[in-house]
Amino acid sequence: MTEESPLFEQTFKNIDDILHKDAGCGSELDYIEQTSWILFLKYLDDLEKDRETTAILSGKPCKPLLSPYYRWESWAAPKTADGKIDHNRAMTGDDLKDFVDRELFPYLKTFKTSAESASTIQYKIGEIFSELKNRIQSGYNLREVIDRIDELRFRTNVEKHEMSHLYESKIRNMGNAGRNGGEYYTPRPLIRAIIKVVAPVIGQKIYDGAVGSAGFLAECYEYLKAGEKLTTKDIGLLQKSTFYGKEKKGLAYIIGIMNMILHGIEAPNIVHTNTLAENLAHIQERDRYDIVIANPPFGGKERAEVQQNFPIKTGETAFLFLQHFIKILKAGGRAGIVIKNTFLSNTDNASVSLRKLLLESCNLHTVLDCPGGTFQGAGVKTVVLFFEKGVPTRKIWYYQLNPGRNMGKTNPLNENDLTEFVELQKTKADSAQSWSVSIEGVDHSTWDISVKNPNSGGDVEHRTPEDIMNEIAALDAESAEVLVRIRGLLTIDNG
């Protein structure tokens, strides 16, 4: 990964400082949402210029995406002859805010209905501006942000590459800003290791049904793009018919689309929908994918009517997602899924049934056991399940990731931590951190496949105080929720 450009980095810091002063933006989540739509319009303007240049060189006509009145250079950054912003023509204050709220956003929303199809950048523009609204209350603050973003360029591949990495770091900060943000961010070294094991190839359809900020799909694009020399056909496949995602939450959806576009996918196949609202019985062969990679949200509680879409009923969101992923994989398809480590040993009926389904319908060949602190701010431990659909599990290879340090915000997971795992996984070799278990030795009444390292010599795992406090906080929150429900029931009974 390249170092971020100091210009890009400083610009983002300046923008955050401006938004921090604005009454309409109260958190890191607001900062990235508001930075995103302005950044997107500047990116579109540079894309327009690239398209025009290409059209001139090829002698073909080029229809602009936006009409002249709404282009960046008309309203955001009209220039003087020497290339500086013309402050006599550039709107500011209430004039600028009124134009953005009453003219620009309504115009961009119309693209959703006027676009030729959902797989065009025009449609994505319409969708983005139907979901977002301008929260910057001061037109003067808005002018300052626009001036900063106008300094950025997205014309060369190097510039786009730097921009996409910086955008990723903003998403990471957002992930650390609160519980909802944290759902969007999976450590990139972990994603890259998952992709190396799942090993997608160009021509396969790749899917993430809990796409969040699209980190899995964006990294997969980088992985495939960095392979052998790509043909024009390969580039077309990567652009149009390789990456697919679904996302329920509005902000995550917008950021996912933006992230894919900044990585170079012009019209991402990401749909704003609740994946779990889809009945599993309705999934046909044509709906299936070759590769599924995802980190579904865990701990959520889905309503009873959503649970009716699944053969194994459970309120645990991640367990519903796992059923969806197994069903939507093609026969022979491969998956890498992050899930709570308690999934491997929970004794409730749903967990036992789900493990049985996974082990009998798929080859769960690898389990990566991640240490506490892998996911910043999450008080649960996770594992990554790697499986192939269509043949039952005979043997599971386990790898217990042990970076030799307590991980946290200042000491996050890095590429080197996962090098041995990726290497040993190729042959599923035994080591101090890895071992294999035959499915014949697993208790078929419980299907307990929890991580028990036979090489650890019975060492007790010492948890960090932060892990323990996080778990206590999570249990307290669950207890409070149960008490609220009981009080509600008592109220109904006494009513």
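The values are calculated or read from the model by the stated rules, or taken from the named source; none is laboratory data. Quick caveat: nothing in here was measured; it's all calculated off a predicted structure. Don't worry about glycine lacking a Cβ; one is built from the backbone with ideal geometry, like all the others, and counts go over all protein chains shown.
Filtered by the rule that a residue be of a type outside the set (S, T, N, Q) and more than 19 Å from the chain's Cα centre (by Cα), the stretch 305-327 gives Glu305, Val306, Phe310, Pro311, Ile312, Lys313, Gly315, Glu316, Ile326, Lys327. Condition check for Pro371 on (1) in a loop (DSSP other than H, G, I, E, B); (2) closer than 16 Å to Leu280 by Cβ; (3) not β-branched (Val, Ile, Thr): one failure, at (2).
Answer yes or no as to whether Thr342 is closer than 20 Å to Phe298 by Cβ, out of contact with any strand residue (DSSP E or B) (no Cβ under 9 Å at 6 or more places or on another chain) and surrounded by 15 or more Cβ atoms within 10 Å (Cβ to Cβ). Criteria met by Thr342. All conditions but one from (1) at pLDDT 90 or above; (2) under 31 Å from the mean Cα position of the chain (by Cα); (3) over 26 Å from Leu354 (Cα atoms) apply to Ile449; the one that does not is (3). The one condition from (1) touching a residue at least 60 places away in the same chain (Cβ under 8 Å); (2) touching an Asp or Glu at 6+ places or on another chain (Cβ under 6 Å) that Asn414 does not meet is (2).
Restricting the stretch 319-341 to residues that are of a type outside the set (D, E, K, R) and over 14 Å from Val292 (Cβ atoms), the residue that is modelled with the lowest pLDDT is Asn341.
Looking at the stretch 165-284, the helices (runs of 4 or more DSSP H) lying wholly inside it that each contain 2 or more residues that are over 18 Å from the mean Cα position of the chain (by Cα), surrounded by fewer than 23 Cβ atoms within 10 Å (Cβ to Cβ) and in the same structural domain as Leu418 (by TED's automatic domain parsing) sit at 232-240. What are the residues in the stretch 123-153 that are assigned to a loop (DSSP other than H, G, I, E, B), farther than 24 Å from Gly26 by Cα and of a type outside the set (A, V, I, L, M), if any? Of everything in the stretch 123-153, those that are assigned to a loop (DSSP other than H, G, I, E, B), farther than 24 Å from Gly26 by Cα and of a type outside the set (A, V, I, L, M) turn out to be Glu151, Arg153.
Comparison of Asp417, Asp430 shows that the only residue that is assigned to a loop (DSSP other than H, G, I, E, B) and at negative phi is Asp430.
Regarding Val292, is this residue in the same structural domain as Leu358 (by TED's automatic domain parsing), in contact with a strand residue (DSSP E or B) (Cβ under 8 Å, 6 or more places away or on another chain) and of a type in the set (Val, Ile, Thr)? Considered against the rule, which asks whether it is in the same structural domain as Leu358 (by TED's automatic domain parsing), in contact with a strand residue (DSSP E or B) (Cβ under 8 Å, 6 or more places away or on another chain) and of a type in the set (Val, Ile, Thr), Val292 comes out as yes. Taking the condition over 30 Å from Glu48 (Cβ atoms), without any contact (Cβ under 8 Å) to a residue 12 or more places away in the chain and assigned by TED's automatic domain parsing to the domain that holds Ile191, does Gln307 pass? So Gln307 does not fit the description; no. From the list Glu183, Glu162, Glu168, the lone residue that is closer than 30 Å to Ser241 by Cα, at pLDDT below 90, touching a Pro at 6+ places or on another chain (Cβ under 8 Å) and of a type in the set (D, E, K, R) is Glu183.
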